[in-house]
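What follows is one structure encoded as structure tokens, with my remarks underneath.
The values are calculated or read from the model by the stated rules, or taken from the named source; none is laboratory data. Note that the coordinates shown come from a computational prediction; the quantities given were computed from them, not determined experimentally. When we count neighbours, we look across all protein chains shown, and the Cβ atoms used for this are built from the backbone with ideal geometry, even at glycine.
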Amino acid sequence: NLQYQALQQVVRLGDLYGVDVRKPAMNTKEAIQWVNIAFMAVCRVINGAATSLGRVPIVLDIFAERDLARGTFTESEIQEFVDDFVMKLRTVKFARTKAYDQLYSGDPTFITTSMAGMGNDGRHRVTKMDYRFLNTLDNIGNSPEPNLTVLWTDKLPYNFRRYCMHMSHKHSSIQYEGVTTMAKDGYGEMSCISCCVSPLDPENEDQRHNIQYFGARVNVLKALLTGLNGGYDDVHKDYKVFDIDPIRDEVLEFESVKANFEKSLDWLTDTYVDALNIIHYMTDKYNYEAVQMAFLPTKQRANMGFGICGFANTVDTLSAIKYATVKPIRDEDGYIYDYETIGEYPRWGEDDPRSNELAEWLIEAYTTRLRSHKLYKDAEATVSLLTITSNVAYSKQTGNSPVHKGVYLNEDGSVNLSKLEFFSPGANPSNKAKGGWLQNLNSLASLDFGYAADGISLTTQVSPRALGKTRDEQVDNLVTILDGYFENGGQHVNLNVMDLNDVYEKIMSGEDVIVRISGYCVNTKYLTPEQKTELTQRVFHEVLSMDDALS
């Protein structure tokens, strides 16, 4: 069948490079070569799709420990093999359209490499190979790829956790995922991260998913705003998207808006599911990815990864309507094009139970609707709060809301972006939220991972001086904060330790700056001017908590 034929393609590719992958690898060097050949074979046929590396470090460590014990290779030689392998991974490129770059800027390849974590027997899974992969950042320089991912728990050795924080402080190119949170949802000891932040369990044939049908995301804020106008688009008033009764109140009433929004979500999720079912059916029909499927277990259990964009602004809008006074501003045809918001209200990210409750309702309402549908190959609907760089593109398609300024049409029908305020990335609070970093972490940890099991992405920028006076103190505090966040229910964090003014000057002058964004890592020189602006407008935490700011 196609998978057997695909394995022969892998063999032929190995022959071209002078390695015989028909036989088992006998040492660390060969193991790395074999993995490289298999991954390159996959890259040739995936048409630019995200294909992660998985739990490769822990497997390679078995060969390395044996070689060290036998004297086959020295530690420096093994590190050199890893450095060479990482350099090879960094050369992977795909031919992509310009439109792709609007959503996934920086030409990411999503070679997510997972390490550390915990075993089912209660022992940690930190290996020397994990250190070697992280050490490549020093040896061959910082780079967005591979997407280095540490599966974190406070039960990992303290020296390893501290080393990770030291490297994040130095490079800002590592992401962290909470083992405890994902384990509660059934992900076992060999689970790894797919694409960006999504857990998969490749060796599991019975319980959790071992493949993912990727599905990007939809703009839930636009659905809410369009629903207020009875299904007419929130920017293009003459375009009717779906048909429901408009909201005619002079002051928006929460229960009416909520009921209207639920109808919008019905249409949105119906349309979204149809699109993804068609996409993945046709992909398998015309571009079946036989090489990578040949390496997976016979029984494949898929999740279908749906997503949300505009999460924080949607929660804030619902909060403003419920706890403040929101008056819609209409034109002569009764079309709502702007809002007047009077009074205070809690925003997402301020660790306020009121806004947290609205966030929990939104993700549950959205996910429940998706799960009511029949999905391709009986996949399970999972949801991510993740945007990559698409939060900029989605912002440019969204009109004004009660909590932010969007786009509007000029008299000639062109879109005016002059007052646009960009969406925050992933599950991040907006830059108007009053919370410090700890309040942000507490808000995200309050979300039920079961309703967003494809990943709840927080991208954080924290100033070194907010963490302590000395480098050692800053690193120790980072360990403590991540320990607490992940044990409290957090699932993911992109960690950038950097000063806003310094980063702003480097980005605007065109210098290479490697930063974590929503789900992956990017060199800022490849971002569009708008994306650079959005990055510098994000919250750079100068204090850990609002209590510190007020003291």
Note to self: What's the total number of residues in the stretch 120-177 that are at pLDDT 95 or above, more than 22 Å from the chain's Cα centre (by Cα) and not acidic (Asp, Glu)?
What the structure shows: 23
Check: Under the condition of being over 25 Å from Asn477 (Cα atoms) and of a type in the set (D, E, K, R), which residue from the stretch 422-457 is farthest from the chain's Cα centre (by Cα)?
Finding: Lys432
Note to self: So if I check each of Leu444, Leu478, Leu438, Leu482, which one is part of a helix (DSSP H, G or I) and under 18 Å from Val383 (Cα atoms)?
What the structure shows: Leu444
Next item on the list: Determine whether the stretch 5-27 contains at least one residue that is farther than 23 Å from Asp107 by Cα, small (Gly, Ala, Ser), in contact (Cβ under 8 Å) with a residue 24 or more places away in the chain and in contact with a Phe, Trp or Tyr (Cβ under 8 Å, 6 or more places away or on another chain).
Entry: yes
Item checked: Unmet criterion (only one of (1) surrounded by fewer than 17 Cβ atoms within 10 Å (Cβ to Cβ); (2) of a type in the set (D, E, K, R); (3) touching a residue at least 24 places away in the same chain (Cβ under 8 Å)) for Glu289 -> (1)
Item checked: Residue pairs meeting the criteria (Cβ under 6 Å; at least 6 apart or on separate chains; first in a loop (DSSP other than H, G, I, E, B), in the stretch 183-194; second of a type in the set (D, E, K, R)) -> Gly186/Arg208; Tyr187/Asp201; Tyr187/Arg208; Gly188/Asp201; Met190/Arg55; Met190/Glu203; Ser191/Asp201
Notebook entry, point to check: So, of the residues in the stretch 429-457 that are of a type in the set (A, V, I, L, M) and more than 13 Å from Ala359 (Cβ to Cβ), which turns out to be surrounded by the fewest Cβ atoms within 10 Å (Cβ to Cβ)?
Noted result: Leu438
Next item on the list: Check whether at least one residue in the stretch 111-127 is surrounded by 23 or more Cβ atoms within 10 Å (Cβ to Cβ), of a type in the set (Lys, Arg), in contact (Cβ under 8 Å) with a residue 24 or more places away in the chain and assigned by TED's automatic domain parsing to the domain that holds Gly178, and report yes or no.
Entry: no
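Take Asn416 and tell me if it is touching a strand residue (DSSP E or B) at 6+ places or on another chain (Cβ under 7 Å), without any contact (Cβ under 8 Å) to a residue 60 or more places away in the chain and within 23 Å of Lys532 (Cα to Cα). Let's see the steps before the verdict.
Values: touching a strand residue (DSSP E or B) at 6+ places or on another chain (Cβ under 7 Å): yes; without any contact (Cβ under 8 Å) to a residue 60 or more places away in the chain: yes; within 23 Å of Lys532 (Cα to Cα): yes.
In short, yes.
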Next item on the list: Go through (1) crowded, with 24+ Cβ neighbours inside 10 Å; (2) aliphatic (A, V, I, L, M); (3) at pLDDT 95 or above one by one and return the number of the condition Leu375 breaks.
Entry: (1)
Note to self: Considering only the stretch 37-50, I want to know if a residue exists there that is free of Cβ contacts under 8 Å to residues at least 40 places away in the same chain, touching a helix residue (DSSP H, G or I) at 6+ places or on another chain (Cβ under 7 Å) and of a type in the set (Gly, Ala, Ser).
What the structure shows: no
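Listed residues Asp454, Asp512; which is in contact with a helix residue (DSSP H, G or I) (Cβ under 6 Å, 6 or more places away or on another chain) and farther than 16 Å from Ser168 by Cα? Explain how you work it out, then say what you get.
Details: Asp454 fails: in contact with a helix residue (DSSP H, G or I) (Cβ under 6 Å, 6 or more places away or on another chain).
Asp512 is the lone residue from the list that is in contact with a helix residue (DSSP H, G or I) (Cβ under 6 Å, 6 or more places away or on another chain) and farther than 16 Å from Ser168 by Cα.
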Notebook entry, point to check: Does Asp472 count as touching a residue at least 40 places away in the same chain (Cβ under 8 Å), among the acidic types (Asp, Glu), out of contact with any Cys (no Cβ under 9 Å at 6 or more places or on another chain) and surrounded by fewer than 17 Cβ atoms within 10 Å (Cβ to Cβ)?
Noted result: no
Next item on the list: Just name the residue that is farthest from Glu364 (Cα to Cα) out of those in the stretch 238-279 that are touching a residue at least 12 places away in the same chain (Cβ under 8 Å) and among the polar types (S, T, N, Q).
Entry: Asn277
Next item on the list: Determine which single condition Val45 fails, assuming it passes every other condition in (1) surrounded by 15 or more Cβ atoms within 10 Å (Cβ to Cβ); (2) of a type in the set (A, V, I, L, M); (3) at pLDDT 95 or above; (4) not in a helix (DSSP H, G or I).
Entry: (3)
